[in-house]
Amino acid sequence: MSTSLAYKPKNIWETADAKTRKAMEVLAQRYVNFLTHCKTERETVAYVREQLIKHGYSEDFTKDCVVRPLRGKALFAARRGSLPLTQGLALVTAHADSPRLDFKQRPLIEQASVAQAKTHYYGGIRKYQWLARPLALHGVVVRDNGQTLPITIGEDPKEPVFCIADLLPHLAQQQVKQPVNEAFDAEKLNIILAHGFSKKAKGGRGDEHKDPIKTQLLDLLYRKYGIAEEDFITAELQAVPAGPAHFVGFDASLVGGYGQDDRICIFTALEALLEAEGPGRSIAVMFWDKEEIGSDGATGASSRFLQYCVEDLVSAWSPDVNPSHVLFETCALSADVNGALDPDYQDVHEKQNAAQLGYGPVFCKFTGSRGKYGASEADAEFFAALRGLLNAKGIAWQAAELGKVDHGGGGTVALFLAAYGMRVIDLGPAILSMHSPFELASIADVYATKQAYKAFFEAQL
């Protein structure tokens with residue numbers, strides 16, 4: 001067989017010229033800044049909304065460029081194209097939430113001379129990765145009078161950070177014999193908040209309090225932030241890795257940072273939306289919350305928020321069109337990441353169908369696990385059209401599954417989009433150390449993913 005008939009994924013670094021490499025570096029620097037400042041779904045949605053407003057998007061749906069946030073945690077935006085809405089939208093969706101540690105409703109405790117906050121982990125984490133590392137607190141405290149206080153503590157170098165203590169190896173003889181899923185108790189993911197106190201720490205009745213450190217902590221929180229213990233019950237406080245995102249490696253060819261699953265897709269989709277020229281179909285992005293815990297809730301993909309936004313869009317732009325027809329004719333990319341082939345754990349992958357860093361965004365034809373259970377599977381015609389589009393544009397891409405059959409798998413929002421009858425496939429970059437507090441992505445893939453989304457927006461599929 002002629003070698004020209006064989007398929008081989010294209011490594012971006014082999015063909016990137018000096019101009020392309022410079023563009024990759026410029027985009028990557030913006031991406032590092034984005035990751036550094038957007039560590040929660042609220043912060044991410046606020047950033048996206050701000051950028052769209054700067055570029056002329058309006059919450060008035062009679063305009064040609066529109067944006068609508070939902071409770072600070074999800075966001076829809078659309079831009080009118082040259083084709084009628086009867087041909088549907090070109091839609092890219094991604095999710096703004098990432099695995100983290102949430103404060104419990106009544107988090108504050110004191111034990112062994114430290115005050116701590118009890119947590120409930122969110123999403124799929126490996127618990128040990130969150131021990132003995134600097135953490136920052138992000139979120140909002142809402143008082144009973146409705147006043148909202150944004151919280152970010154631990155990001156400024158002048159501010160303290162927080163952490164969860166780990167068991168010293170000298171006393172871990174029994175722990176190291178346990179399976180990893182049993183060795184680390186979720187109820188021990190308690191964040192250290194304070195240690196010191198003075199003899200003046202008092203209880204509510206003026207007597208010496210049985211928890212002097214917690215008492216003094218509450219006094220400090222009230223004096224500095226106006227926060228009382230009851231305020232924690234209705235607060236949304238998240239512990240996330242402290243500090244900025246970084247370039248990784250001597251050649252700065254990787255970006256390392258928290259929350260790249262799936263904020264790398266939000267960043268690249270937003271950049272593509274703002275850069276797209278002369279779109280045929282009207283183009284849209286939908287950024288969700290709650291994907292890491294099943295996409296349920298008002299701000300998750302299983303809600304009707306997308307449907308309501310499309311109905312209002314149709315009412316404003318083409319009132320004679322049936323919104324369900326628009327949804328049915330829509331072509332969508334479920335912009336989510338895939339697991340990159342791990343150089344040290346290659347045995348968990350089926351290498352021929354594994355994604356690699358530096359080979360462009362990854363098409364994942366189907367998701368789910370163990371016999372494709374819970375999957376959305378793209379049809380061959382749609383997949384081929386996208387493949388042809390990227391090939392014509394010279395944009396590198398690859399196709400992969402997430403791990404070996406019966407060992408890997410995972411879910412995305414694709415099945416919730418497919419429920420409308422629209423064509424949808426997963427497309428996003430490969431990530432190393434996915435779901436860890438410090439994920440890795442290739443700057444080549446950041447650039448190629450943005451280019452792929454831009455090509456999708458500009459095409460007339």
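The values are calculated or read from the model by the stated rules, or taken from the named source; none is laboratory data. Computed from a predicted structure; not experimentally measured. Please note: Cβ atoms are built from the backbone with ideal geometry, for glycine as well, and neighbour counts cover all protein chains shown. What goes into the accessible areas is simple: the full protein's heavy atoms, side chains included, and nothing from ligands, DNA or RNA. Shrake-Rupley method; radii C 1.70, N 1.55, O 1.52, S 1.80 Å.
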Review point. Going by average Cβ neighbours within 10 Å, how do the peptides 39-49, 350-360, 401-411 rank, with the highest at the top?
Key: 39-49, 350-360, 401-411
Exercise for review: Please work out how much accessible surface ASP320 shows to a 1.4 Å probe, ignoring ligands, DNA and RNA, in Å² rounded to 10.
Suggested key: 140 Å²
Practice item. State whether segment 56-198 is rounded, prolate or oblate according to the following rule on the C-alpha gyration tensor (a ≥ b ≥ c being the square roots of its eigenvalues): a/c under 1.5 gives rounded; otherwise a/b larger than b/c gives prolate, and the remaining case gives oblate. Key: prolate
Revision key, fill the gap. Given backbone amide H placed at 1.01 Å from N, residues whose amide H is under 5 Å from that of VAL405, ignoring those fewer than 5 places away on the same chain, are none
Point to revise | Kirkwood-type radius of segment 309-394, with distances r between different C-alpha atoms, in Å | key: 16.2 Å
Revision key, fill the gap. Taking a ≥ b ≥ c as the square roots of the eigenvalues of the Cα gyration tensor, with a/c under 1.5 meaning rounded and otherwise prolate when a/b exceeds b/c and oblate if not, segment 129-268 is oblate
Check your understanding: Where a ≥ b ≥ c are the square roots of the eigenvalues of the C-alpha gyration tensor, would you call segment 311-461 rounded, which needs a/c under 1.5, or, failing that, prolate if a/b is larger than b/c, or oblate?
Key -> prolate
Check your understanding: Projected area of segment 78-124, taken from the Cα convex hull and averaged over every viewing direction, in nm²?
Key -> 6.1 nm²
Study note, to complete from the structure: Plugging the Cβ-Cβ distance of TYR225 and SER4 into 1/(1 + (r/R0)^6) at R0 = 56 Å yields, to the nearest 0.05, a FRET efficiency of 0.30
Point to revise | Relative counts (whole %) of C-alpha pair distances in segment 122-163, using bins that are 10 Å wide | key: 24, 36, 31, 9
Review point. Which whole-angstrom value gives the distance between the alpha carbon centres of segment 309-328 and segment 350-384?
Key: 31 Å
Exercise for review: Return one whole number: the accessible area per residue of segment 299-363 in Å², for a 1.4 Å probe.
Suggested key: 43 Å²
Study note, to complete from the structure: In whole angstrom, the spacing between the Cα centers of segment 12-43 and segment 72-122 equals 22 Å
Revision key, fill the gap. Heavy-atom accessible area of the chain with neighbours in place, 1.4 angstrom probe: carbon+sulfur share in percent works out to 52 percent
Practice item. Enter the accessible area of SER302 (Å², nearest 10), with the probe set to 1.4 Å and all protein chains included. Key: 50 Å²
Practice item. Put one equal scatterer on each alpha carbon of the chain, apply the Debye formula with no solvent term, and list log10 I(q)/I(0) at q = 0.06, 0.10, 0.11 1/Å to two decimals. Key: -0.29, -0.77, -0.91
**Study point:** Global size of segment 15-120 as Cα Rg and Dmax, reported in angstrom
**Key:** 20.3, 67
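A 22 angstrom limit on the alpha carbon distance is what I want to check against. Which of LYS118/LYS214; LYS73/LYS158; LYS10/LYS365 exceed it?
Beyond 22 Å between Cα atoms: LYS73/LYS158.
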Study note, to complete from the structure: Filtered hits (aspartates and glutamates, Cα-Cα < 18 Å from LYS188, offset >= 8 within chain) -> ASP102, GLU110, ASP166
Check your understanding: Is any helix in the chain, taking whole DSSP H runs, at least 24 angstrom long along its axis by alpha carbon and on average at least -0.5 on the Kyte-Doolittle scale, and which ones?
Key -> 18-37
Point to revise | Cα principal axis extents for segment 212-297, largest first, Å | key: 63, 41, 26
Revision key, fill the gap. Restricting to aspartates and glutamates and to Cα separations under 15 Å from LYS372, and discarding same-chain partners fewer than 8 apart, the set is GLU401, ASP406, ASP426
Practice item. Output the peptides 71-82, 140-151, 22-33 sorted from most to least packed, where packing is the average of other Cβ atoms within 10 Å over each peptide's residues. Key: 71-82, 22-33, 140-151
Practice item. Mind giving me the nanometre distance, one decimal, between the label points for VAL142 and VAL321, set 7 Å out from Cα along Cα→Cβ? Key: 3.5 nm
Review point. Quick one: which of 88-97, 425-434 comes out on top by average Cβ neighbours within 10 Å, and what's the full order, highest first?
Key: 88-97, 425-434
Review point. List the lysines whose alpha-carbon lies under 17 Å from that of LYS19, not counting same-chain residues fewer than 8 positions away?
Key: LYS393, LYS450
Check your understanding: Using alpha-carbon pairs under 8 Å, 6+ residues apart, how would you state the relative contact order of the chain in percent?
Key -> 23 percent
